[in-house]
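Scroll down for the structure; my scribbles are underneath it.
Every number here is computed from the coordinates shown, using simple stated rules; none is lab data. All values derive from a computational prediction rather than experimental measurement. Heads up, the Cβs are rebuilt from the backbone with ideal geometry, glycines too, and the neighbour counts pull from every protein chain shown.
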Protein chains: 4
Amino acid sequence: MLVMMKKDATTAQIERVVSRIRDLGYQTHVLPGAVRIAIAVTGNDRAVRVENLESLEGVVEVVSVTKPFKLVGRDFKPENTTIDVRGVTIGGDDLVVMAGPCSVESRDQILEIAERVKQAGAHLLRGGAFKPRSSPYSFQGLKEEGLKYLAQARDRTGLGIVTEVMSTEHVGLVAEYADVLQIGARNMQNFTLLEQVGRMGKPVLLKRGMSATITELLLAAEYVLSEGNYQVILCERGIRTFETALRNTFDVGAIPVLKQLSHLPVVADPSHATGDHTKVAPVARAAIAAGADGLILEVHPRPAEALTDGPQSLNPTEFESLMAQIERVGQAVGRSLHARR
Amino acid sequence: MLVMMKKDATTAQIERVVSRIRDLGYQTHVLPGAVRIAIAVTGNDRAVRVENLESLEGVVEVVSVTKPFKLVGRDFKPENTTIDVRGVTIGGDDLVVMAGPCSVESRDQILEIAERVKQAGAHLLRGGAFKPRSSPYSFQGLKEEGLKYLAQARDRTGLGIVTEVMSTEHVGLVAEYADVLQIGARNMQNFTLLEQVGRMGKPVLLKRGMSATITELLLAAEYVLSEGNYQVILCERGIRTFETALRNTFDVGAIPVLKQLSHLPVVADPSHATGDHTKVAPVARAAIAAGADGLILEVHPRPAEALTDGPQSLNPTEFESLMAQIERVGQAVGRSLHARR
Amino acid sequence: MLVMMKKDATTAQIERVVSRIRDLGYQTHVLPGAVRIAIAVTGNDRAVRVENLESLEGVVEVVSVTKPFKLVGRDFKPENTTIDVRGVTIGGDDLVVMAGPCSVESRDQILEIAERVKQAGAHLLRGGAFKPRSSPYSFQGLKEEGLKYLAQARDRTGLGIVTEVMSTEHVGLVAEYADVLQIGARNMQNFTLLEQVGRMGKPVLLKRGMSATITELLLAAEYVLSEGNYQVILCERGIRTFETALRNTFDVGAIPVLKQLSHLPVVADPSHATGDHTKVAPVARAAIAAGADGLILEVHPRPAEALTDGPQSLNPTEFESLMAQIERVGQAVGRSLHARR
Amino acid sequence: MLVMMKKDATTAQIERVVSRIRDLGYQTHVLPGAVRIAIAVTGNDRAVRVENLESLEGVVEVVSVTKPFKLVGRDFKPENTTIDVRGVTIGGDDLVVMAGPCSVESRDQILEIAERVKQAGAHLLRGGAFKPRSSPYSFQGLKEEGLKYLAQARDRTGLGIVTEVMSTEHVGLVAEYADVLQIGARNMQNFTLLEQVGRMGKPVLLKRGMSATITELLLAAEYVLSEGNYQVILCERGIRTFETALRNTFDVGAIPVLKQLSHLPVVADPSHATGDHTKVAPVARAAIAAGADGLILEVHPRPAEALTDGPQSLNPTEFESLMAQIERVGQAVGRSLHARR
């Protein structure tokens, strides 16, 4: 259950609600928000009797929630959430494409590719400065230097930046440069990181963990929302199964499930899902056909020379072709590519 | 390696090729075919020296094959295979839709739904007379009676019939009625059944096993082709993973992988993949966007009353709506719905 | 629900019970048995009122069953089932070991290995005459010739024979030779085969499918029992997961779960589970420690020369060493190796 | 490849080796160590020519490494690593048992259970003060208060403490209290956390991620070792598969695989693997039979009242019984329970 209170409810009003609920034997979690304050009630196996609550001062309404997640669910907020990133709206009618290299490798590389993806119609620039790698001996990213190059690419192109933050100690640093903070699949249940990112007030792109259920993904998002940050973009990027023909198994069915359960935008990452640039386009088209709000794609000026993820990176020509395909499939499901201003 | 011989090669010519290959220490498998006779060579870890073979009488060409499967692969036959079922071409430029109930439940039910799916544009009628069920206490289908009703529905509507054969002892019976013999997911590695079905000379729809790799699916198809029947339709129907939000995880990435590796048509079964009629349309659209040649869909006149698989069955109105969506997505990827003659 | 009737209940008595249950709106399944006749009642979502049934003539008792499986469950039969194979008791206090090659390759091979495994203490001889192979080009077994060699090995050693039957058309043939009919993992849901095997009156070793749940394994066994054959041995042989370090993931936890849910004996197949002869011993010990009633193991006189499954086959020396280890672990959990008579 | 240098090698000596290797076009990673300094060489697809290196001053030997992991592998260190925790040796001949509640819930609870597990023969006390929870609304642990209670329990009983650290910002705090720092399954690829924990010089218990391959687990351990901390205990705790009868699928085969590939101790966590206290004992016995060096077990004075993980917690009586079983199975595989000093 959620008790929604006015944004300007007084501390005394909140405490009265909280103590009333606790008297009934439940726990409360006061959740700040931009528009309203929510008080999540947990510990109730069955529906709580609510008459006594709606009459309290400051209370706007009481929302019954039947799922383990609350703020991310459609019970709490039926209409779609839209997120604005430098004039680009994610989660609205239009499709949004984030593109760029797996890793920022040099100033020249990121400036070149930023121009190319912009020309081809991309809306945001992706690129990793901090790279989570299975082996300690692999390239770990240019770190702050990479962030600076991303910022320069943004200055040149106007494209907002999506980049990963791997560690609580770098949240502040990454947030200085990034327009969207990405949480990678391996960190989806790094709860401390989720909390800290939740406090930065910047949009978050949350990737589904390799073996995370849809419910776990939504609960991970709940960590961010429960810190008062409602700007979370969910990302399906393939799950780990027995099949090894592609790097992961893209769970296309997760897209309509997430859209049904949650009001948050859902994007797809066909590059990591497939690990094979020749399969990126068909999976990207499938994601849009299934209802995704956008894509995040790896594009590299010369994939064969990429320091990371070359085999799954599109070259600029392949990316241009894919943008045209996305546009056509989008139209077939009633959606246009976002018109950049 | 495959040695391709003229269709009218004599027994003596074949034996000469076989003995020459065996002398080199390899095994041979003589594979009958409608157009040519193929001799598969196995037991060779590396490429076989071929000069000596192409000069033998009756030999058309020698094909090098680097995969465990041979006849189903593009090495053997680069161009797409098309299969004709009562004037409907599967695997060609156009999209084909097979629709109907999970089970044939009564004469009235199948006649009613056959008319409905035909009106909505379906090309073939699906319906189970023999039903594989996890429990021996569940409804096992109407068996031969069901086959007769399917034949009556075909007489009325002109729609060819796709129906499952579960057992070697029923292959002859089912083949008397069916236009396409379906092998279910649980029987994908019932090799004796594959061989027998391979000998019937009728098109086969082969469903991917719940935990079968793509390579295993292609090797299962190879069993059918190696009996001389090249008319196999591959079907992605979802795999078993840890995710339980839907019944299975639809492996949309398998579609472009199969199309790349094999010349056989690939269709998708979003009904079994999702187990939820509200998710059938987005997954169906995704499959087409990813390059599938068609769909097999469960449609029931009154899903709530279905004896089997009601929750995943579309009602006729939902089906009509989906046909329109498929048409639009098909156009976006350059394909039309097959025009029924 | 199960209605248990006397073995000599008359047809009229059975029909009276059946019609009484059907009047209540449920379905009935009359299940023959060696000791009693069971009537399974399905279609009841909640408990059926039973007063009216126990008073009918011929009825012994009415058993409430809360699981989808009935005859295989402990609700139906709380005490362990024991199965006698040529004087060897499976499912009793003592541990039973079945050993032999993956495939019967020649008369000499099977006679040699039969002697060796007997000397080392094995209780039954395993060996495949019909081999299910992913590829149609792989060695498919010696078929009837192999069965004859197995019979000769039995004549020489006195060891009962466990061998696979792959197809309904060979059930009669295999049953002529075998003491235990094995159903392989790929055929676990070949329901027609299960039914036919259920009618042969011979013990059945039923392997868990590669991606079968424990419930599905028990329902597959139910198919055999519902034909009147209560002699089923369940076999855990590893499931398919994302981990590729070994061939399959041995689900050791399935052993206590199966022992809790079912009265049937449970054995383990560490050879197929691991695919690596150096890992067979630790997994075999683990299975016994977890409560398995026995093991089925691949042993080959010269694994490097095996036609199938060489890498996972123990040589006779390794097998002797393992028998000693099994004996010690067995004693630690209160069980001895069966003493051959 | 690894170049092993004397512990007292000078900076100049190290630099000479590094520059020589870089001249050959490879990357170097200087890895501090207690006994020797290792220089890992990466970027070599094939074996590096080594003559020129072994003659350089300060170089002890050059170790060829064929796996992606280096320091954790048996190539680098063939003999078993043993780790001493307050006089308890982990990874040696004897078995070690860590026991205690999932969460520290109160001072009384932890003191009571510490006494009980000690009496029953446990060697170390486990208990969570920081709890990673899927939902932000679940009990998150007593945090520093919990650590203090653990320290009091250690003062009373002499048992060393194993407790989880979830976040880089708490590494220092947790290390003040803990004898063994636990990295949970969800954080197995939180690389920043692994690096920081690697710098604390305290033993680390590293749990396998829910969908981590064995190679990924070893690479995660490599992160800790590459910071100079060689005291890592690997922990198999079940993987996520399609089977839902138990909470996870305990991968018993991983134990001999890990012991073969790595010199590090391997323990098992049957409590999280099964999620069911009635299945903990069989899986614990299986782990020991398969070669595990010890166990980590959840024991609660009154499981029904536990705030977390009650269903999988043993009560003290069950734990005593299990200790006796472990002792017997241990003896069967040639190992004794560690004798507490």
Based on the mean of other Cβ atoms within 10 Å per residue, sort peptides B:93-99, C:252-258 so the most packed one is first. C:252-258, B:93-99
Counting partner chain Cβ atoms within 10 Å of every residue's Cβ in B:15-24, what's the average? 0
Please give the average number of partner chain Cβ atoms lying within 10 Å of the Cβ of each residue in C:127-136, rounded to a whole number. 6
Of the listed pairs B:LYS77/C:LYS148; C:LYS279/D:LYS143; B:LYS131/C:LYS207; C:LYS7/C:LYS131, which have alpha-carbon separations greater than 30 Å here? B:LYS77/C:LYS148; C:LYS279/D:LYS143; C:LYS7/C:LYS131
Let me confirm one metric for peptide B:289-296, namely the mean number of other chain beta-carbon atoms within 10 Å of its residues' beta-carbons. 4
May I ask for the distance between the Cα centers of region D:266-341 and region B:263-341, given as a whole number of Å? 50 Å
If you wrap a convex hull around the alpha carbons of the protein assembly as shown, what volume per residue comes out, as a whole number of Å³? 198 Å³
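What percent do you get for the relative contact order of chain C when only Cα pairs under 8 Å and 6+ apart count?
17 percent
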Mind listing the label-point distances from A:GLY25 to the same position on all other copies, shortest first, one decimal in nm, points 7 Å along Cα→Cβ? 3.5, 7.3, 7.9
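Taking the Cα centre as origin and putting +1 on Lys and Arg beta-carbons and -1 on Asp and Glu beta-carbons, what dipole magnitude results for the protein assembly as shown, to the nearest 20 debye?
Approximately 0 debye in magnitude.
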For the pair C:THR317/B:ARG36, report the inter-label distance in nm, with labels modelled 7 Å from Cα in the Cβ direction. 5.1 nm
Label points for B:THR317 built 7 Å along Cα→Cβ; distances to same position in the other copies, nm, shortest first, come to 5.1, 6.1, 7.7
Folded to 0 to 90 degrees: helix A:214-225 orientation relative to chain A principal axis, Cα: 70 degrees
Axis-nearest residue of D (beta carbon) for the D-onto-B rotation, whole Å: D:PHE242, 3
Most positive-pole-ward Cα, D:LEU217, D:GLN196, D:GLY141, against dipole of chain D from beta carbon charges: D:LEU217
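Suppose we flag GluC sites (Glu not before Pro) only when DSSP calls them loop and at most 13 other Cβ atoms lie within 10 Å. Which is the longest uninterrupted stretch of chain A?
Numbers: sites that count: A:GLU57, A:GLU79.
Result, exposed sites excluded: A:80-341.
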List, shortest first and in nm to one decimal, how far the label point of A:ARG199 (7 Å from Cα along Cα→Cβ) is from its counterparts in the other copies. 2.1, 7.2, 7.4
Let me know the Rg and Dmax you get for chain D when you use only its Cα atoms, in Å. 20.8, 66
Taking a ≥ b ≥ c as the square roots of the Cα gyration tensor eigenvalues, with a/c under 1.5 meaning rounded and otherwise prolate when a/b beats b/c or oblate if not, region D:69-139 comes out oblate
Rounded, prolate or oblate for region D:246-341? Axes are the square roots of the Cα gyration tensor eigenvalues, ordered a ≥ b ≥ c, and the cut-off for rounded is a/c under 1.5. oblate
Note down the magnitude of the dipole of chain A about its Cα centre, charges +1 on Lys and Arg C-beta and -1 on Asp and Glu C-beta and zero elsewhere, to the nearest 20 debye. 160 debye
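In nm, what is the difference between 0.36 nm times the number of residues separating A:LYS67 and A:GLU145 and their Cα-Cα distance?
Result for the pair: 23.8 nm of gain on full extension.
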Rounded to the nearest 10 degrees, what's the angle between the helix B:316-332 long axis and the longest principal axis of chain B, both from Cα atoms, 0 to 90? 40 degrees
Chain D - mean residue ellipticity at 222 nm from DSSP helices (-39,500 (n - 2.57) per run, n ≥ 4, rounded to 500): -10000 deg cm²/dmol
Among A:LEU322, A:LEU225, A:LEU173, residue whose mean-square fluctuation peaks in a GNM of chain A (springs only between Cα atoms under 10 Å): A:LEU173
Out of D:SER226, D:SER167, D:SER106, a Gaussian network model of chain D with alpha-carbon springs under 10 Å gives the largest mean-square fluctuation to D:SER106
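So how strong a dipole does region C:133-197 carry about its Cα centre when Lys and Arg Cβ are +1 and Asp and Glu Cβ are -1, to the nearest 20 debye?
240 debye
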Considering only B:PHE130, B:GLY158, B:ALA114, whose Cα is most displaced toward the positive end of the charge dipole of region B:95-238, charges sitting on Cβ of Lys, Arg (+1) and Asp, Glu (-1)? B:ALA114
